[in-house]
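The values are calculated or read from the model by the stated rules, or taken from the named source; none is laboratory data. If you're wondering where the values come from, they're calculated on a predicted model, not measured in any experiment. For neighbour counting, all protein chains shown are included, and Cβ atoms are generated from backbone atoms with ideal geometry for every residue, glycine included. Keep in mind that these areas ignore ligands, DNA and RNA; they rest on the heavy atoms of the full protein, side chains included. Shrake-Rupley method; radii C 1.70, N 1.55, O 1.52, S 1.80 Å.
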Amino acid sequence: MRVSYGWSPGRIIRFTIMTSAQVWYILSGEFRIDDKLYTPGTMIFHPDPHFEGKFETATGGEIVIVQYPGPTTGGRPIYAGRFNMEQRRDIAEERTDL
């Protein structure tokens, strides 16, 4: 699955644990992940399972995210039905046990 997602300036995500594998490509903006700065043109590979540390952006920007079932865990992407929605579901309806 491919998701191109725009991040608004000031966005912060504390941490995420994923069982799917992912490749990110930064199209625009600057993103800080665990105090390391990533800029446009950067490609980031996340194997499975993986931990995504503190993620923040002061500038906002756009990232193409390619997720696929983890070859080790078999974990499925969780963005399907999350970013391509007309309206956000209530958090009580989201899976949070990962």
The range 45-72, subset open to solvent by 20 Å² or more (accessible area, probe 1.4 Å) and of a type in the set (A, V, I, L, M), residue farthest from GLY10 (Cα to Cα): VAL66
PHE51 is checked against (1) modelled with pLDDT of 80 or more; (2) assigned to a strand (DSSP E or B) and fails just one. What number does that condition carry? (1)
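Just name the residue that is modelled with the highest pLDDT out of those in the range 12-24 that are assigned to a strand (DSSP E or B) and crowded, with 16+ Cβ neighbours inside 10 Å.
Taking the range 12-24 as the starting set, the residues that turn out to be assigned to a strand (DSSP E or B) are 12-13, 16-18, 21-24.
Among the residues that remain, those that are also crowded, with 16+ Cβ neighbours inside 10 Å are: 18, 21-22, 24.
On the way: MET18: 75, ALA21: 87, GLN22: 87, TRP24: 90.
This residue is TRP24.
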Using beta carbons and a limit of 7 Å, which pairs, at least six apart or on different chains, have the first residue in the range 44-60 and farther than 17 Å from TYR25 by Cα and the second one among the small types (Gly, Ala, Ser)? ASP48/SER20; ASP48/ALA21; ASP48/GLY70; ASP48/GLY75; PRO49/GLY70; PRO49/GLY75; ALA58/GLY10
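Does PRO40 satisfy the criteria of being at pLDDT 85 or above, within 19 Å of ALA21 (Cβ to Cβ), open to solvent by 40 Å² or more (accessible area, probe 1.4 Å) and not in a strand (DSSP E or B)?
Values: at pLDDT 85 or above: yes; within 19 Å of ALA21 (Cβ to Cβ): no; open to solvent by 40 Å² or more (accessible area, probe 1.4 Å): yes; not in a strand (DSSP E or B): yes.
Taking the combined requirement at face value, the residue does not satisfy it.
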Can you pull out every residue in the range 62-98 that is under 18 Å from ASP48 (Cβ atoms), at pLDDT 65 or above and of a type in the set (A, V, I, L, M, F, W, C)? ILE65, VAL66, ILE78
